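Data block below; observations after.
The values are calculated or read from the model by the stated rules, or taken from the named source; none is laboratory data. None of these values were measured; they are calculated from a predicted model. Quick reminder, even Gly has a Cβ in these numbers, built from the backbone with ideal geometry, and neighbours come from all protein chains shown.
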Amino acid sequence: MRIITGRAKGLRLKTPAGLSTRPTADRVKESLFSILGGLINFPEIKSVLDIFAGTGALGLEAMSRGANSAIFIDNATAEIIQENISRTKFEGCKVLRGDFEKILFKLAKQNLAFDLIFSDPPYAKGLAQKSLEVVAGKNLLVEGGLMIIENDVTEILDAPTSFQLVRKITYGHTTAIEIFIREKVI
């Protein structure tokens, strides 16, 4: 697993041992960021939130491409994310360890909202839909911001009010990536 392009291009990231996490494959990440490059300008991204961050690869890729700051949430791999942040030497990164829902509630109480949110939860546990609902319900995504969810192809996500599915991409028989935009209120 590596950073694909930008300031930390080619840097190898530490990954956890065993099968308890499922890092996004480099080919999937490369495809996703190619699509995102047509939707957003990374240097204009002020804040990134990476939920179920695993290695931190998605948030760190956004940082490498020019995003200003990132918060990473994971209960099991916080130390690995911190080590990967140290390897990249990116400033403006913070790792929060704990239950994602409780952390999202705390971020909402701080009136934080993000330009770009990644959610890559364990498959088939309803966590993809839950993360989408909490982000929408707590207004954690700015108007015009994007939320990217990686999940199992069999999971059907229901977009909350004000969220619109922009694109769905499937990779093989297991992985789907859905890109949502928070619509602007007129």
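Which of the residues belonging to the range 111-133 are surrounded by fewer than 19 Cβ atoms within 10 Å (Cβ to Cβ), at pLDDT 95 or above and either among the small types (Gly, Ala, Ser) or within 29 Å of Thr5 (Cβ to Cβ) (or both)?
Leu112
Kindly provide the set of residues from the range 127-186 that are closer than 25 Å to Lys109 by Cα, among the polar types (S, T, N, Q) and not in a loop (DSSP other than H, G, I, E, B), ordered by number.
Scanning the range 127-186 gives Gln129, Ser131, Gln164.
Among the residues of the range 86-101, write down those that are touching a helix residue (DSSP H, G or I) at 6+ places or on another chain (Cβ under 7 Å) and farther than 18 Å from Lys130 by Cβ.
Thr88, Phe90, Cys93, Val95, Arg97
Could you grab me the full set of residues in the range 92-110 that are touching a strand residue (DSSP E or B) at 6+ places or on another chain (Cβ under 6 Å) and surrounded by fewer than 16 Cβ atoms within 10 Å (Cβ to Cβ)?
Pass one, the range 92-110, residues touching a strand residue (DSSP E or B) at 6+ places or on another chain (Cβ under 6 Å): 92-96, 100, 103.
Passing the criteria: Gly92, Lys94.
Kindly list, by first and then second residue, each pair from a residue in the range 156-183 that is at positive phi to a residue that is part of a strand (DSSP E or B), limited to pairs with Cβ atoms under 8 Å and residues at least 6 apart or on different chains.
Pairs that qualify, where the first residue is at positive phi and the partner is part of a strand (DSSP E or B), are Ser162/Arg182.
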